[in-house]
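Working notes, beginning with the structure itself.
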Amino acid sequence: QNEIKDVLKPSSINSHQNKEWAKAMEKRYICKCVPYCCTSTSTHLQNRAQLAYGWFALPKLMKELDSDIPLTHWKAVVSLTEFLLNPLNAQRAINEKDLVRKLKIAFMRMRLKLHKEEHQEVEMYLRIYNILSRNLDGAENIAKRKCLRDEFYKIIKNQEINKDGLASEILRNLTGKPKALEIFLEDPDNFLAMAEIFHQDPCRPHYPLHLWHHLCHLLEVAPEQGIELGFFELLHSRILNRLSNFWDMATKAFALLLRCAEGQRRFDAVDGVKLLYDVFVQPDENRRLLLPLQKVENWEYTVLALVNGLHSKRALWRSREFTQLPCYVGRLMQSTEDNPRLQLYCLKAFRELGVMPCIKRYIIANWLEDICKLFCLDAEAECARDSLVDWLRRDIADSS
């Protein structure tokens, strides 16, 4: 200002200074906070009940759950889905407040159209049952109520949006408990309902993952009952026709069916060894001919099916004709780095294939050294490896 005071007037200097200052502050105004009066109120607590502190919260929620006012009942249901996440609160609600029975009454009234669903009450009921099914007492109480089991299966069969996944997870949690699984197996209608769901559309590409686990829980204990209901033909067709993700849970369920005599007989009748061998040779095929979901990403259940299917003499004699089968199993055993169960199943497959003398000689000549150097991922695989090596070396000592 001292240099140009003789050229410009003080007012002109101040005007230029204000313009430059305004330009510099424009960028800062962009980041300026919104005035407090313009902020919107949070809607998170609008659907929640006002909770009391400590042990008084649950009695208040149970009282509001019985309310005839729809909004009060809705707020209590939404609050319960968060309140019961604490296992202590869930245990107390099951044993002291008989929550399973009270919730069943409200749930059945909605399902039977006796009460109008104004919000999303049924979905919230399922969320609460999902939380309670993780508890041992809660799972047993839910499993004992046949009306609830039937409704869960109906929801899955009708593919109700946002509900079939929750119902599937509830069933998986229930059959994951031994006592609840026993209750399920005592009633043949449960297995029949599962068969109706899967036979409704045999070409359906996807089912909820939790529903597959629920089916595997049942087939693991009662494979004969599953075969009588047609699950063997259904799962065999899914693997044969290479439906989406056939190598995952469908192959696991198929492997569980082979643990009984009837499953083994049908496995031999459909030439199951060749069926699995065609899956093993997939890496050598032209991948451009495969759809994205047909590419095998996890070989664990395919090897498990092979292990369970080699218990008959006919299957063992058939395996002699596929000379590359031990090579595919050995490559999978060496390639896995993070799946100890796949490693274990490969070692068991070597043991089953080695029952045939020609295959055993091939394993001793080509894979014994690799098996001895194998780094096992867990203790169970290490025990299986040591047992297999001892069995193979014993044959060398006997022959020499």
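FYI, it's all coordinate maths here, none of it is from the lab. Since the structure is predicted, the reported quantities are computational estimates derived from the model, not experimental observations. Cβ sites come from the backbone with ideal geometry, for glycine too, and all protein chains shown count toward neighbours.
Can you figure out the FRET efficiency of SER312 with HIS115, using R₀ = 56 Å and their beta-carbon distance, to the nearest 0.05? The partial results should precede the final answer.
Working: r = 56 Å, r/R0 = 1.00.
It comes to 0.50.
Using only Cα atoms, what Kirkwood radius does segment 117-262 have, in angstroms?
On the way: mean 1/r = 0.0644 Å⁻¹.
That comes to 15.5 Å for segment 117-262.
Rounded if a/c is under 1.5, else prolate if a/b beats b/c, else oblate: with a ≥ b ≥ c from the C-alpha gyration tensor eigenvalues square-rooted, which is segment 123-188?
Details: a/c = 2.07, a/b = 1.36, b/c = 1.52.
Oblate is the answer for segment 123-188, as a/c is 1.5 or above yet b/c matches or exceeds a/b.
Quick one: which of 273-281, 126-134 comes out on top by average Cβ neighbours within 10 Å, and what's the full order, highest first? If you can, show how the numbers build up before the last one.
Values: 273-281: 17.9, 126-134: 22.4.
Per-residue mean Cβ counts within 10 Å order the peptides as 126-134, 273-281.
State, as an integer percentage, the relative contact order of the chain based on alpha-carbon contacts under 8 Å between residues 6 or more apart. Each step should come with its number before you reach the end.
Working: 389 pairs, mean separation 31.9, N = 400.
Computed value for the chain: 8 percent relative contact order.
Simple spin-label model, 7 Å along Cα-to-Cβ: LYS146 to GLU262 in nm?
A separation of 2.3 nm, rounded to one decimal place.
For the chain, with equal point scatterers placed on the C-alpha atoms only and solvent neglected, what are the log10 I(q)/I(0) values from the Debye formula at q = 0.06 1/Å, to two decimals?
-0.42
Taking the Cα centre as origin and putting +1 on Lys and Arg beta-carbons and -1 on Asp and Glu beta-carbons, what dipole magnitude results for the chain, to the nearest 20 debye?
Values: 57 positive and 53 negative charges, 195 e Å.
Value, rounded to 20: 940 debye.
To the nearest Å, what is the center-to-center distance of segment 263-338 and segment 194-212, using C-alpha atoms only?
Their Cα centres are 24 Å away from one another.
In segment 64-160, if the dipole is taken from +1 on Lys/Arg beta carbons and -1 on Asp/Glu beta carbons about the Cα centre, which of TYR129, TRP74, ILE142 is farthest to the positive end?
Toward the positive end, the furthest listed residue is ILE142.
Tell me which aspartates and glutamates have Cα within less than 17 Å of LYS60's Cα, excluding those fewer than 8 residues away on the same chain?
Counting by Cα, and skipping residues close in sequence, LYS60 has these aspartates and glutamates nearby: ASP68, GLU82, GLU96, ASP98.
Using a/c under 1.5 as the rounded threshold, could you call segment 86-199 rounded, prolate or oblate? The axes a ≥ b ≥ c are square roots of the C-alpha gyration tensor eigenvalues, and prolate needs a/b larger than b/c, oblate otherwise.
Details: a/c = 1.70, a/b = 1.06, b/c = 1.60.
Oblate is the answer for segment 86-199, as a/c is 1.5 or above yet b/c matches or exceeds a/b.
Determine, for each peptide in 113-119, 78-84, 188-194, 293-299, the mean count of other beta carbons within 10 angstrom over its residues, then list the peptides with the highest first. List each step's numbers first, then the result.
Values: 113-119: 11.1, 78-84: 20.7, 188-194: 17.1, 293-299: 15.6.
Averaged packing, sorted descending, gives the order 78-84, 188-194, 293-299, 113-119.
Return the calculated 222 nm mean residue ellipticity for the chain, to the nearest 500 deg cm²/dmol, obtained by summing -39500 (n - 2.57) across DSSP H runs with n ≥ 4 and dividing by the residue count.
On the way: 24 runs with 263 residues, N = 400.
My calculation for the chain gives -20000 deg cm²/dmol from helical runs alone.
Quote to one decimal, in nm, the extra length available between ARG92 and CYS327 on full extension: 0.36 nm per residue of separation minus the C-alpha distance between them.
Numbers: separation 235, 0.36 × 235 = 84.60 nm, distance 5.62 nm.
The span from ARG92 to CYS327 would gain 79.0 nm if fully extended.
Would you kindly derive the ³J(HN,Hα) couplings of segment 124-134 from the backbone phi angles with the Karplus curve 6.51 cos²θ - 1.76 cosθ + 1.60 (θ = phi - 60°), listing them in order in whole Hz, with x for Gly and Pro?
5, 4, 5, 5, 5, 5, 5, 5, 5, 5, 7
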